[in-house]
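The values are calculated or read from the model by the stated rules, or taken from the named source; none is laboratory data. Remember, predicted model here, so these are calculated numbers, not experimental data. Cβ: placed from backbone, ideal geometry, glycine included. Neighbour counts: every protein chain shown. Please note that ligands, DNA and RNA were not included when accessible areas were found on the heavy atoms of the full protein model with its side chains. Shrake-Rupley method; radii C 1.70, N 1.55, O 1.52, S 1.80 Å.
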Amino acid sequence: MRVLNYLELSSQLRGGMVTATKQQRAALARTDVEVVTTPWRGGDPVAAAEHQLRGRGGFGEYDVAHCNLVGPGSLAVARHAKRHGIPLVLHAHVTGEDFAESFRGSNYVAGPLKRYLKWFYSQADLVLCPSEYTKGVLDSYPVDAPVRPISNGVDADSLAGYEQFREETRERFDLDGVVVFAVGEVFERKGLSTFCELARETDYDFAWFGTYEEGPQASAIVKKWTQNPPENVTFTGWMDDKRAAFGAGDVYLFPAKVENQGIAVLEAMACGKAVVLRDIPVFREFYTDGEDCLMCSTREEFCEAVDRLAADPDLRRRLGENARETAAEHSLDRVGERLVEAYEEVTSD
């Protein structure tokens, strides 16, 4: 079976969607599925247009079209698939809820985006999404297509050797003692204000490893915290190697308000880190409070959880060991199996 696994604008994007797509491809590499990553004959839209003008057709050949974004390139692939009877799988990494509280103006766009997503995802023969929580969101729109949750998984191999980066990274960013950290793009949706307010109430070093907007597209809250952070908070910006972040930190704090799954949480768990999460449905779906993480609802609870972990290395160790076992349940082997099942289903109809 030949499958198109497409992420438009992949060279300009960053963040969880890019990681999820890479992990899909790594998972499929362990199967018998042949993966192509561009729909365009000639490799790009310009070359495809030239082929189309010469009567050769602008699209390549594949048995299943699987798109990971919702823009014009993915829309073109979807229309081509529907015209030519090619099974269409759309991956719902984006929801209106998840888009809010990210960039400047994103809250105003979230409503119209929901209406577009309802229409776009409804074209699919099958919609994949990272969690039962996200399936519930899509069902509420409602999306007129079958929706199936498949974990984004975690690429444990990509984290191998993270320990060797510990001292170098801590020295680079002047981090000391028990370091409370987060990994990923800096958004208010991911709990930025809670992260910084907790730092102000404690004496630990806090570090957020990840990019943040500084231009006109940056939200006012992101500008507020990144331009004038508490004295014990470091915003590192882009990290060339994510292993440096997971090597340097001790307690992974992710007080996200809305999340479809949270790949970086699984990465922290795969590294055996103690994890503190906001108590929201998507995390309850995957994790167990007191077993592989600590879940909190209020700032006071977050503060208490961080203090407990900082003072109790045995608790950090126990939670971290259990977290590794949880992460192993999201292996790329399992992701590959589920993807193949989905492709086989849409091609057998």
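Express in nm, to one decimal, how much length is gained between D32 and C303 on full extension, taking 0.36 nm for each residue of separation and deducting their alpha carbon distance.
92.7 nm
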Using alpha-carbon coordinates, inclination of helix 299-311 to the longest axis of the chain, degrees: 70
Heavy-atom accessible surface of the range 144-211: percent carbon and sulfur, 1.4 Å: 40
Cut-off 17 Å, label 7 Å out along Cα→Cβ of E132, residues of the range 287-303 by amide N: 287-289
Dipole magnitude of the chain, debye to nearest 20 (Cβ charges: Lys/Arg +1, Asp/Glu -1, about Cα centre): 1480
Residues of type lysines that K224 reaches as a straight line, Cα spacing below 27 Å, ignoring anything fewer than 8 places off in the same chain: K190, K242, K257
Options V276, G215, L192, ranked by Cα towards positive dipole end of the range 157-330, top entry (Cβ charges): G215
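Quick check on the chain: of the DSSP beta bridges with both residues there, what percent are antiparallel, nearest 5%?
Once the DSSP bridges in the chain are tallied, antiparallel ones form about 5 percent.
Could you tell me the calculated FRET efficiency between T211 and H84, based on Cβ-Cβ distance and R0 = 30 angstrom, to the nearest 0.05? Spell out each step's value before the answer.
Working: r = 38 Å, r/R0 = 1.28.
Taking R0 as 30 Å, the efficiency between T211 and H84 is 0.20.
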Student exercise, the range 157-330 dipole from Lys, Arg, Asp, Glu Cβ charges, in Debye to nearest 20: 380
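Quote the FRET efficiency, to the nearest 0.05, computed for E61 versus S193 with a Förster distance R0 of 51 Å and r equal to the Cβ-Cβ distance.
On the way: r = 49 Å, r/R0 = 0.97.
Computed FRET efficiency for E61 and S193 comes out at 0.55.
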Nearest-ten-degree value, helix 72-84 long axis tilted from longest Cα axis of the chain: 40
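Run the numbers for D144 and E321: contour at 0.36 nm per residue of separation, minus the present Cα-Cα distance, in nm.
Values: separation 177, 0.36 × 177 = 63.72 nm, distance 4.13 nm.
Taking 0.36 nm per residue and subtracting the Cα distance, the gain is 59.6 nm.
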Percentage relative contact order, the chain, counting C-alpha pairs under 8 Å, at least six apart: 17
Sum of -39500 (n - 2.57) over DSSP H runs of 4+, divided by residues of the chain (222 nm, nearest 500): -13000 deg cm²/dmol
On Cα atoms only, tilt of 16-28 relative to the major axis of the chain in degrees: 60
